[in-house]
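The values are calculated or read from the model by the stated rules, or taken from the named source; none is laboratory data. Predicted model only: the values in this text are computed from it and were never measured. Counting neighbours? That spans all protein chains shown, and the Cβs are built from the backbone with ideal geometry, glycine included. Keep in mind that these areas ignore ligands, DNA and RNA; they rest on the heavy atoms of the full protein, side chains included. Shrake-Rupley method; radii C 1.70, N 1.55, O 1.52, S 1.80 Å.
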Amino acid sequence: MKVEKGNIRDLVDLISLRKKVTILTHKNPDGDAIGSSLALYMLLKKKDNDVSVLVPNGLPYYLKWMPNARDIIVYEKNSSKATLKINDADIIFCLDFNALNRIANMGNILISSNSYRVIIDHHPLLTDIDFAKYLFIDTNYSSTCEIIYDFIDRIGFMDLMDEDIATCIYTGILTDTGGFCFESTRSYTHEVAGDLIHRGVKNAKVYRKIYSQNSIYRLNLLSQALKNLFLMEDIPVGIMYLSDSNLKENHFRKGYTEGFVNYILSIREVRLAVFLVEDKKRKIIKMSFRSKGGFDVNMFAHDNFNGGGHVMAAGGYSKLSLEDTINQVKKVVYEYKDKFRA
Ligand code: 5GP
Ligand code: MN
């Protein structure tokens with residue numbers, strides 16, 4: 001799916017005029033969200049714009065090293081400053097999301113603001129969007145970072161790409177492709193990554209900073225999650241969960257559970273992986289879905305668990321208790337019994 005709406009030249013003219021630019025990305029930001037936002041932040045600053053990056057909630061521990069990560073304004077911690085940055089902006093970029101509920105309370109502020117709004121994303125569109133003047137969504141891209149690379153080229157600013165900008169883009173591609181492993185990785189993804197390395201990215205170092213940051217607590221939490229993993233009997237579904245007490249006992253920090261869901265999917269017969277994490281503070285069960293063999297978790301999450309994402313990777317949430325959510329998953333997957341292919 002590819003949609004482009006609006007005129008990219010108008011946008012380029014605007015960002016060449018030293019504007020107030022605000023970059024927004026989704027809650028529970030991942031490497032692609034932060035990578036694309038910081039890359040664009042640094043690039044537009046080089047064009048003398050007054051730029052800010054806003055996220056609904058904080059960064060996971062494994063992204064805090066990223067260039068200029070400290071400049072990011074977290075809405076949960078500083079809502080008045082974040083609100084001002086949205087209301088005051090001439091241009092607002094929405095990166096790596098296309099549904100307003102992905103930015104929590106900032107959604108309402110965004111749509112009532114008086115700005116030139118831009119969406120750049122690689123998630124399928126689930127609902128019609130009318131809040132953007134310029135929109136580029138293409139699900140063929142591995143990541144929003146891969147789109148940003150092309151975007152920088154299209155607007156003629158490739159000569160401004162330095163090592164820090166390239167590192168941010170590389171990080172988003174690396175994390176959204178699961179280390180160049182997911183099916184979203186195409187030859188072009190490798191070409192872009194190759195060019196970024198050519199431009200100075202220390203690829204092995206980036207890998208280490210993202211994936212070799214384990215604490216003993218995180219590994220213990222993984223061990224607990226694996227103990228809580230079970231397979232359904234006559235249907236290729238694996239379910240894994242972590243309760244609030246599991247998290248507390250293992251000194252949980254934001255980002256610890258990233259990637260855990262892939263262990264479920266690594267089981268030979270599993271076609272749908274469901275990972276549930278109890279969030280006592282928000283009174284929800286956060287859900288992650290992954291699939292192989294073509295089962296559409298984007299629709300599954302959208303139709304049953306208030307969520308969405310991609311065909312093979314999606315998320316959502318439930319307001320039931322952990323136990324009731326597990327029972328609901330067990331029940332609802334049976335309605336999809338015929339959708340699982342070998
Ligand atoms: P994760 O399972 O890693 O949290 O998310 C997997 C994918 O689904 C990501 O692309 C993410 O952006 C998307 N996603 C996660 N949670 C939600 C959600 O609550 N709503 C929607 N629409 N997408 C989500
Ligand atoms: Mn992404």
Could you grab the pairs with beta carbons closer than 7 Å, sequence gap of 6+ or different chains, first residue in segment 254-271 and open to solvent by less than 40 Å² (accessible area, probe 1.4 Å), second one part of a loop (DSSP other than H, G, I, E, B) and not charged (D, E, K, R)?
-> 255/60; 264/229; 264/270; 270/236; 271/236; 271/293; 271/295; 271/340
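Would you be able to tell me the number of residues in segment 127-150 that are closer than 24 Å to residue 171 by Cβ and buried (at least 19 other Cβ atoms within 10 Å of the Cβ)?
11
Out of the residues in segment 49-61 that are part of a loop (DSSP other than H, G, I, E, B) and within 19 Å of residue 170 (Cα to Cα), state the one that is farthest from ligand 1 (Cβ to nearest atom).
Among those residues, the one meeting the criterion is 59.
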If we only count helices (runs of 4 or more DSSP H) wholly inside segment 221-322, which ones have 3 or more residues that are more than 16 Å from ligand 2 (Cβ to nearest atom) and over 23 Å from residue 57 (Cα atoms)?
-> 261-265, 297-304
Of 46, 27, the only residue that is open to solvent by 40 Å² or more (accessible area, probe 1.4 Å), in contact (Cβ under 8 Å) with a residue 60 or more places away in the chain and within 16 Å of ligand 1 (Cβ to nearest atom) is 27
If you take the residues in segment 305-329 that are without any contact (Cβ under 8 Å) to a residue 60 or more places away in the chain and over 21 Å from residue 26 (Cα atoms), which one is most open to solvent (accessible area, probe 1.4 Å)?
-> 323
Options 8, 34, 73, 91; residue that is crowded, with 18+ Cβ neighbours inside 10 Å, more than 16 Å from ligand 1 (Cβ to nearest atom) and either among the β-branched types (Val, Ile, Thr) or modelled with pLDDT under 95 (or both) | 91
Yes/no for residue 84 being under 19 Å from the mean Cα position of the chain (by Cα) and either surrounded by 15 or more Cβ atoms within 10 Å (Cβ to Cβ) or within 16 Å of ligand 1 (Cβ to nearest atom) (or both) | no
Do any helices (runs of 4 or more DSSP H) entirely within segment 125-213 hold 1 or more residues that are over 18 Å from residue 33 (Cβ atoms) and within 16 Å of ligand 2 (Cβ to nearest atom), and if so, which?
-> 187-198
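Scan segment 306-337 for residues that are more than 8 Å from ligand 1 (Cβ to nearest atom) and among the aromatic types (Phe, Trp, Tyr) and report the count.
Of the residues in segment 306-337, 2 are more than 8 Å from ligand 1 (Cβ to nearest atom) and among the aromatic types (Phe, Trp, Tyr).
Here's the yes/no breakdown for (1) of a type in the set (A, V, I, L, M, F, W, C); (2) without any contact (Cβ under 8 Å) to a residue 40 or more places away in the chain; (3) within 21 Å of residue 329 (Cβ to Cβ):
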residue: 165; (1), (2), (3): yes, no, no
residue: 193; (1), (2), (3): yes, yes, no
residue: 207; (1), (2), (3): no, yes, no
residue: 216; (1), (2), (3): yes, yes, no
Across (1) at pLDDT below 95; (2) open to solvent by 70 Å² or more (accessible area, probe 1.4 Å), residue 280 clears everything bar (1)
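Determine which member of the set 80, 113 is more than 27 Å from residue 311 (Cα to Cα), touching a residue at least 12 places away in the same chain (Cβ under 8 Å) and either away from ligand 2 (no atom under 16 Å from the Cβ) or among the aromatic types (Phe, Trp, Tyr) (or both).
Unique residue meeting the criteria: 113.
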Might you let me know whether segment 330-342 holds any residue that is of a type in the set (Val, Ile, Thr), buried (at least 17 other Cβ atoms within 10 Å of the Cβ), closer than 21 Å to residue 247 by Cβ and away from ligand 2 (no atom under 16 Å from the Cβ)?
-> no
For residue 41, state whether it is modelled with pLDDT of 95 or more and either open to solvent by 20 Å² or more (accessible area, probe 1.4 Å) or farther than 28 Å from residue 162 by Cα (or both).
-> no
Which one of the conditions (1) assigned to a loop (DSSP other than H, G, I, E, B); (2) surrounded by fewer than 22 Cβ atoms within 10 Å (Cβ to Cβ) does residue 66 fail to meet, given that it meets all the rest?
-> (2)
